[in-house]
Amino acid sequence: MTDTPAARLAELGITLPTPAAPVAAYVPTVEAGGFLYVSGQVSFVDGTLVKGRLGDDLSVEQGYAAARGCGLMLLAQAEAALGSLDRIARVVKLGAFVTSTPDFADQPKVANGASELMVAVFGDAGKHSRSAVGVPSLPLGCAVEIDAVFALHPA
């Protein structure tokens, strides 16, 4: 595995999307106390918002792809805030929200789309704590929303 997150992204053939602008009264990121907190990012895949409900009109595979899209946007927001993903020392936590039916129980499999991306980009430093919960609806009708906390190397 290569040494930098940028090199790993290139190895994986990944180009980060343009960071999305906030859709309400919040900021995309806050750097405080050696951490970067990234606001929830919704499920865009190839520039298209993934809408729907897991257990209804979306499969686990589609949810996984949607979560991966959230992960890519988390990285794009972090890079925009920090200037480089090299400042990230560790992925501390992801919080995954999955629009799903009451009987859908595979939220962790969906959230793996973002979790596995973090490990692919940061190696062992990408291993993190996580929550993955089902919710009845999310902003803009999206399928998945994920927020993140990153520990930073000193500036």
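Given R₀ = 30 Å, what would the calculated FRET efficiency be for Val60 paired with Ser84, taking r from the Cβ atoms and rounding to 0.05? List each step's numbers first, then the result.
On the way: r = 34 Å, r/R0 = 1.12.
Result of the calculation: an efficiency of 0.35.
Please give the FRET efficiency for Ala32 paired with Ala7, using the beta carbon to beta carbon distance and R0 = 30 Å, rounded to the nearest 0.05. For R0 = 30 Å, the calculated efficiency reads 0.60. Take the Cβ atoms of His153 and Glu116, set R0 to 22 Å, and the FRET efficiency comes out at 0.40. Counted over all Cα-Cα pairs of region 73-127, pairs farther apart than 15 Å make up 54 percent. Figure legend: label point modelled 7 angstrom from the Cα of Ala25 along Cα→Cβ; no residues of region 35-60 have amide N under 16 Å from it. In the Gaussian network model of the chain, springs joining C-alpha atoms below 10 Å, which of Ala143, Ala66, Ala20 carries the largest mean-square fluctuation? Between Ala143, Ala66, Ala20, it is Ala20 that shows the largest mean-square fluctuation.
Just want the ordering: Leu74, Leu138, from fewest to most Cβ atoms lying within 10 Å of their own Cβ.
Numbers: Leu74 28, Leu138 18.
Result, fewest neighbours first: Leu138, Leu74.
Just order 41-53, 123-135 by mean Cβ neighbour count inside 10 Å, highest at the front, would you? Let's see the in-between values first.
Details: 41-53: 18.1, 123-135: 15.2.
The densest-packed peptide leads the list: 41-53, 123-135.
Taken over the chain, the convex hull of the Cα atoms encloses 103 Å³ per residue. What separates the Cα centres of region 1-45 and region 92-108 is a distance of 20 Å. Among DSSP beta bridges lying fully in the chain, give the percent that are antiparallel, nearest 5. Just about 70 percent of them are antiparallel. Once the Cα atoms are used to define both axes, helix 60-82 deviates from the longest principal axis of the chain by about 30 degrees.
If a/c stays under 1.5 just call it rounded; otherwise compare a/b with b/c (prolate if a/b is bigger, oblate if not). Do that for region 1-87, with a ≥ b ≥ c from the square roots of the Cα gyration tensor eigenvalues.
On the way: a/c = 2.27, a/b = 1.30, b/c = 1.76.
Judged from the Cα gyration tensor, region 1-87 comes out oblate (a/c at least 1.5, b/c at or above a/b).
Helix 107-122 versus the longest principal axis of the chain: what angle, 0 to 90°, nearest 10, using Cα atoms? The angle comes out near 20 degrees. Here's the picture: charge each Lys and Arg Cβ at +1 and each Asp and Glu Cβ at -1 in the chain, and of Pro108, Gly126, Gly71 the one pushed furthest to the positive end of that dipole is Gly126. Taking Ala76, Ala111, Ala21 as the candidate residues, the one with maximal mean-square fluctuation in a Gaussian network model of the chain, Cα springs under 10 Å, is Ala21.
Laboratory data are not the source of any read-out in this text; all were calculated from the coordinates shown. Keep in mind that this is a model prediction, so the values were computed, not measured. All Cβ positions, glycine included, derive from the backbone under ideal geometry; neighbour counts span all protein chains shown.
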